[in-house]
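**Student:** Once you've had a glance at the structure underneath, I'll fire off some questions.
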Amino acid sequence: MRQALQALRFSGADEEVQERILRAVLDHLARADWRRTPMALATEVQAMVRAEMSGGDPYVDVKATSNQRALDHLDDLRKRISRSDDPLGIAIRAAIAGNVIDYGARERYDLDDALDGVFARELAIDDSGSFAQDLSRARTIGYLTD
């Protein structure tokens, strides 16, 4: 429900439209098979919102803003990576920090705080050594994003 409301607000829907669509979402979720994954249910809810809002991406503006904020950090991150004794480790940490940009999961995020935090703390799981070995033997790399 939070994701549906958030998407409706991002799309500029007025309160009357929000209420109508949220009631439809509530009805859908009440009848849904809750053994299905949260992602499957969220995908259906997002599809309902998009269909009611002319099929457009309600996140288009916030994505553009988020991308620009990330790009604002790019030069500094490139310098940090190039000056580091562990450039792969720095790049991995930057990618981890960038992963906070997910409006489906959160309503707000702070990329500056995420970057500060990921560079200040030890990683809970750090497989970067074996990852570096795998990279050294790889001919191609597939980088999957969401």
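**Student:** Helix 87-98 sits at what angle to the longest principal axis of the chain, using alpha carbons and giving 0 to 90 degrees rounded to 10?
**Tutor:** 10 degrees
**Student:** Over all alpha-carbon pairs in the chain, figure out the percentage whose distance exceeds 26 Å.
**Tutor:** Here the tail beyond 26 Å accounts for 44 percent of pairs.
**Student:** Output the 0 to 90 degree angle, nearest 10, between the alpha-carbon long axis of helix 60-72 and the longest principal axis computed from the alpha carbons of the chain.
**Tutor:** Approximately 20 degrees, to the nearest 10.
**Student:** While we're on this one: Once R0 is set to 25 Å, what does the formula 1/(1 + (r/R0)^6) return for the Cβ-Cβ distance between residue 5 and residue 64, expressed as a FRET efficiency to the nearest 0.05?
**Tutor:** Values: r = 21 Å, r/R0 = 0.84.
The calculated FRET efficiency here is 0.75.
**Student:** Please work out the FRET efficiency for the pair residue 51 and residue 145, using the Cβ-Cβ distance as r and a Förster radius of 25 Å; give the result to the nearest 0.05. Please list the in-between numbers first.
**Tutor:** Numbers: r = 25 Å, r/R0 = 1.01.
Calculated transfer efficiency: 0.50.
**Student:** Given a 1.4 angstrom probe, what's the average accessible area per residue across region 37-146, in square angstrom?
**Tutor:** Details: 8090 Å² over 110 residues.
That works out to 74 Å² for each residue.
**Student:** With axes computed from alpha carbons, what is the tilt in degrees of helix 128-137 against the longest principal axis of the chain, rounded to the nearest 10 within 0 to 90?
**Tutor:** Approximately 80 degrees, to the nearest ten.
**Student:** Still on this structure: Can you give me the relative contact order of the chain as a percent, contacts being Cα pairs under 8 Å and 6 or more apart? Could you put the intermediate results ahead of the total?
**Tutor:** Working: 77 pairs, mean separation 28.6, N = 146.
Dividing the mean separation by the residue count of the chain yields 20 percent.
**Student:** Percent of accessible area on the chain owned by carbon and sulfur, 1.4 Å probe?
**Tutor:** Exposed carbon and sulfur together represent 51 percent of the surface.
**Student:** How much length is gained on full extension from residue 91 to residue 120, taking 0.36 nm per residue of separation minus their Cα-Cα distance?
**Tutor:** 9.0 nm
The values are calculated or read from the model by the stated rules, or taken from the named source; none is laboratory data. Nothing here was measured: the structure is a model prediction, and the numbers come from that model. With ideal geometry, Cβ positions are generated from the backbone for all residues, glycine too; neighbour counts draw on all protein chains shown. SASA here: full protein model, heavy atoms, side chains in, ligands and nucleic acids out. Shrake-Rupley method; radii C 1.70, N 1.55, O 1.52, S 1.80 Å.
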